[in-house]
Ligand SMILES: [Zn+2]
Ligand SMILES: [Zn+2]
C-alpha cells in the first residue's frame, strides 16, 4: 500500500486524488459554533501550503501534523481578521519542534506592512520570512483584491494538476475577472465565501451567487465560511457544493446538536 493511500485512509480524505486537492480544516464563519474557522491546506512538491490560520485552526492542524513529510511551510493569508489569523503565532512557533527553520516558513500577504505588524505582535520576527513577493511561493498564484468590511481581502487563483482553482477568502463580491473566468467554464472549483443574508455588505449572500454566476457550472461552486443558519440542504438546493471539510463528521455532529 502506498504511503499516500495510507494517509488518505487515516485522515479520511475522500480519495487518493483528494490528497492533492484542497483539504479544509474548517468551513465556518467567525461566529459559527457548528463549523470550525475556514482554512484549507494542500501539499505539493513537499511544500505544505496553508490558506488562513484562524483561532481554532492550530488545534486541528496539530492533531494531524500533515506537514511532517514536508520541508517548507507557506501560509497564504487572505486578510487580518482573527478568524483568519488567530492561531498563526502558535502554529509558527510549533513548527520549530518539527525541524522547520526560519528560511523554511514563509508568510504571505500583499500588504507586507500590515503582515509585519501582525508578526511583530505575535513575537515571530525570528521565526519566519514575511513577504509580499509571489516569486517566493514556489508555485504560481495570482492574488486578487476583493472588497470586505473595512479592509481589503485577497483571493488566490492557482492551478492544481490541470484544474484552475479560486479560493476567495472573505468577500462581498466576486471580482469581475473571476466571474468572467468562471462563466466561461475556465474555473474547475470556485471556493467562495457564502452567507444567507448580509445587510452590511461584508459577505456574499447565496441568492446573489445565482444572479452573478453561470448556473450551468453550479456544481463547480463550493460554499465556505458558512454561518450556522445556512444549511447544507439550502446550499444543495441551489446546485452548489459545501467545501469538503476533513472534519465533516465532527461538523455534522455539531450541526445536529
Ligand atoms: Zn472570516
Ligand atoms: Zn473577515
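Just so it is clear, none of the values below were taken in a lab; they were calculated from the coordinates. The shown structure was predicted, so the numbers you read here are calculated from the model rather than taken from an experiment. Cβ sites come from the backbone with ideal geometry, for glycine too, and all protein chains shown count toward neighbours.
Remarks
- Taking the square roots of 5 times each eigenvalue of the Cα gyration tensor of the range 114-199, largest first, gives ellipsoid semi-axes of 27, 19, 10 Å.
- Extension gain for residue 33 to residue 65 (0.36 nm times residue separation, less C-alpha to C-alpha distance): 9.1 nm.
- Residue list for the range 165-202, given a label point 7 angstrom along the Cα-to-Cβ vector of residue 233 and an amide N cut-off under 11 Å: none
- All alpha carbon pair distances within the range 28-161 were sorted into 5 Å bins beginning at 0; the resulting P(r) in whole percents reads 2, 10, 21, 25, 22, 14, 5, 1.
- Size descriptors for the range 3-256, from the alpha-carbon set: Rg then Dmax equal 17.2, 49 Å.
- For the range 142-213 versus the range 42-79, the gap between their alpha-carbon centres in whole angstrom: 22
- GNM remark for the chain: springs join alpha carbons under 10 Å apart, and the peak mean-square fluctuation among 94, 32, 199 falls on 199.
- Applying 1/(1 + (r/R0)^6) with r as the Cβ-Cβ distance of residue 207 and residue 44 and R0 = 41 angstrom yields a FRET efficiency of 0.70.
- Looking at the chain, the DSSP beta bridges with both ends there are about 45 percent antiparallel.
- Once both labels are positioned 7 Å from their Cα atoms along Cα-to-Cβ, the gap between residue 186 and residue 147 label points is 2.3 nm.
- Note that the range 46-104 shows a convex hull volume over its alpha carbon atoms of 72 Å³ per residue.
- Burial ordering of 202, 98, 149, fewest other beta-carbon atoms within 10 Å first: 98, 149, 202
- Taken along the Cα-to-beta-carbon direction at a fixed 7 Å, the label points for residue 176 and residue 116 span 3.3 nm.
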